[in-house]
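Structure first, then comments.
The values are calculated or read from the model by the stated rules, or taken from the named source; none is laboratory data. Since this is a predicted model, take the numbers as computed values, not measurements. Methodologically, a virtual Cβ is constructed for each residue, glycine included, from the backbone with ideal geometry; neighbour enumeration extends over all protein chains shown. Only protein heavy atoms, including side chains, enter the accessible area calculation; ligands, DNA and RNA are left aside. Shrake-Rupley method; radii C 1.70, N 1.55, O 1.52, S 1.80 Å.
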Amino acid sequence: MKLKQQLTALAAAACLSMSATSFAQETREFSVSTVLGDAFPWGQAATKWAELVEERSEGRMKLTVYPNAQLVSGDQTREFSAMRSGLIDMAVASTINWSPQVPELNLFSLPFLMPDEAAIDAITQGEAGEDIFAAIERRGVIPLAWGENGFRELSNSRGPIAEPADMRGLKVRVVGSPLFLDTFNTLGANPTQMSWADAQPALTTGAVDGQENPLSVFDVARIDQVGQKYLTLWRYMADPLVFGVNQRVWNSLSEEDREILRETAIEAGAWEIAKSRAELAETLERIKERGVTVNELTPEQHQAFVDATQAVYEKWVPRIGAELVEKAQAAIDAR
Ligand code: X2X
């Protein structure tokens with residue numbers, strides 16, 4: 001009897017330690033790349049995703065967020081390639097930074113295509129959005145959900161910008177695809193491509209006069225403190241965020257874990273979009289209180305910018321795909 005009890009206890013202990021080991025073995029850790037950390041809505045989206053995944057998978061999956069594009073040494077336009085090659089497992093990424101490898105993503109960068117937030121949603125939540133996700137997947141990354149960096153507003157150190165002529169010779173830091181060079185060149189400015197990591201020193205030294213980023217980025221990164229005293233609300237484009245997973249990682253997961261990753265990405269994305277939109281007005285107030293001169297384009301001024309940037313459409317619509325652009329336009333018109 002005594003022996004039997006001892007054996008039972010031993011067997012139970014062995015079971016426990018086995019399950020502890022197998023639990024430890026089953027916890028898989030994945031890297032998640034972002035450009036902005038969790039002081040920004042973008043980074044918060046990734047943190048939220050990581051929290052939800054850990055909770056819902058009961059610790060089976062752990063996502064570790066690496067901000068500042070550190071997994072590609074700050075070179076954010078190499079993020080997509082690094083994901084494809086397996087250097088990065090997952091990302092919450094701006095459409096701008098992936099657009100050099102996925103030309104369809106330039107859709108969102110077409111100047112003045114999307115007048116408001118409903119227009120962004122009309123694209124991402126409809127057929128055009130599905131086509132874009134298919135385009136990302138064809139190039140080797142599994143897209144799961146949308147988030148939002150936001151409408152990109154123009155700041156500079158020189159003076160208020162109300163018409164294209166005010167941009168003549170303005171040295172502007174731009175990011176990502178060559179489309180940005182075309183937009184700013186067409187407007188008579190002098191654009192320079194550089195990473196976000198290089199942008200802040202370039203603004204500080206005055207190597208560039210201006211930059212464009214969402215209000216949340218301007219606010220949190222304190223862009224006003226590096227001489228950017230003029231801010232123009234022109235809503236010329238917005239960059240959504242895409243939650244994505246490396247294809248090999250995806251293929252290695254069970255159906256259940258894939259579903260967890262997808263549903264949590266959708267939840268984290270929706271949460272971040274709502275949060276960043278809700279904070280916009282307050283953010284703008286804070287920026288004004290810090291002494292930044294803010295101007296909003298009148299409808300006539302807006303039209304002058306629309307007219308001045310038509311050449312960008314002529315060059316880029318064929319590269320993005322005329323059918324996709326038409327679908328997006330139709331969805332916007334019907335919003
Ligand atoms: O580099 C930028 O401007 C940023 C942070 O907005 C992006 O990564 C697109």
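Under 5 Å from the amide H of TRP234 lie the amide H atoms of LEU154, each residue being 5 or more positions distant or on a separate chain, with H modelled from the backbone and absent for Pro and chain starts. Using the 1.4 Å probe convention, the accessible area of the chain works out to 43 Å² per residue with neighbouring protein chains retained. Under 5 Å between amide hydrogens, built in the peptide plane, is the criterion, and for GLY150 it picks out ASP239 among residues at least 5 positions away or on other chains. Overall, the accessible surface of the chain at a probe of 1.4 angstrom is composed of carbon and sulfur to the extent of 52 percent.
Charge dipole (Cα centre; +1 on Lys/Arg Cβ, -1 on Asp/Glu Cβ; no other charges) of segment 255-296 amounts to roughly 420 debye. From its DSSP helices (H runs of at least four residues, each -39,500 (n - 2.57)), the chain gives a residue-normalised ellipticity at 222 nm of -15500 deg cm²/dmol.
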